[in-house]
1. How big is the Cα convex hull of the stretch 74-141 in projection, averaged over all directions, in nm²?
2. Translational D (Stokes-Einstein, µm²/s) of the chain at 37 °C and 0.692 mPa s when Rh comes from the Kirkwood sum over C-alpha pairs?
3. Need one number: nm distance between label points at Met1 and Leu48, each 7 Å from Cα along Cα→Cβ, rounded to one decimal.
4. Only helices at least 27 Å long along their axis, Cα-based, and averaging 0.0 or more on Kyte-Doolittle count here, so list those DSSP H runs from the chain.
5. Less than 15 Å Cβ to Cβ from Phe144, Lys/Arg counted +1 and Asp/Glu -1: what total charge do the surrounding residues give?
6. Pick out which of Arg134, Arg74, Arg99 has the largest mean-square fluctuation in a Gaussian network model of the chain, springs linking Cα atoms closer than 10 Å.
7. Using a Gaussian network model of the chain with C-alpha springs under 10 Å, which one of Asn22, Asn44, Asn84 is most mobile by mean-square fluctuation?
8. Express in nm, to one decimal, how much length is gained between Leu15 and Glu65 on full extension, taking 0.36 nm for each residue of separation and deducting their alpha carbon distance.
Amino acid sequence: METYIWIAVGVIVLLWIVITYNRFIILRNRVRNNWSQVDVVLKNRFDLIPNLVETVSGYSAHEKETLSRITEMRTRYASAQSVNEKAEASGEMSALVNRLMVVAESYPDLKASENFLYLKQQLAEIEDKIRYARQFYNDTVEAFNTAIAVFPSNLIAGLFGFREQAFFHIDEAEKSNPQVRF
């Protein structure tokens, strides 16, 4: 009888290990998938912004520097390896976009341009998608990080090498208002 109890306990522990491990795999895959979604909308933004800059550049010779900085940011983003590097490039791009929009407000003809209005609308939609994708990614990272930190599942996480994932943080450049000087 005692043998059956030990076998039952062993089966229960083994079953718990398998279920916990599979839960970590599912959560890790959700984190990766959600990061992929963030990455897609950020790339859409990086692809749209040069068109917006070109439209503004036609009205303002001062913005050639912004175009070259945006090109540089696109390259940095494409070569970034980690979530933090991509988040930093995204934050710098947000600051450039804010500056560009302030410049655009100074040109009444530009504000009335159909092409500019369309691009501005597209950019607003992409920015909304980025906010939602970031939020969803961070929610998924929180669930994953919590699962690997709580006892007793942290024992399984440590045993199989599951590590916390990085949150997508907004840096100070994204929080501040742009300063435009001519």
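Each reported figure results from applying straightforward, stated rules to the coordinates on display, with no laboratory input. Worth saying up front: this structure is predicted, and the values here are computed from it rather than measured. Note that each Cβ is placed from the backbone with ideal geometry, even for glycine, and that neighbours are counted across all protein chains shown.
1. 5.3 nm²
2. Details: Rh = 19.2 Å.
Calculated translational D: 171 µm²/s.
3. Output for this residue pair reads 7.1 nm.
4. Details: long enough: 2-57 (82 Å, 0.58); 83-105 (33 Å, 0.17); 114-149 (52 Å, -0.49).
Taking the DSSP H segments of the chain (at least 27 Å long, mean hydropathy at least 0.0), we get 2-57, 83-105.
5. Cβ neighbours under 15 Å give a net charge of +2.
6. Result: Arg99 has the largest fluctuation of those listed.
7. Its mean-square fluctuation being the largest, the pick is Asn22.
8. 12.0 nm
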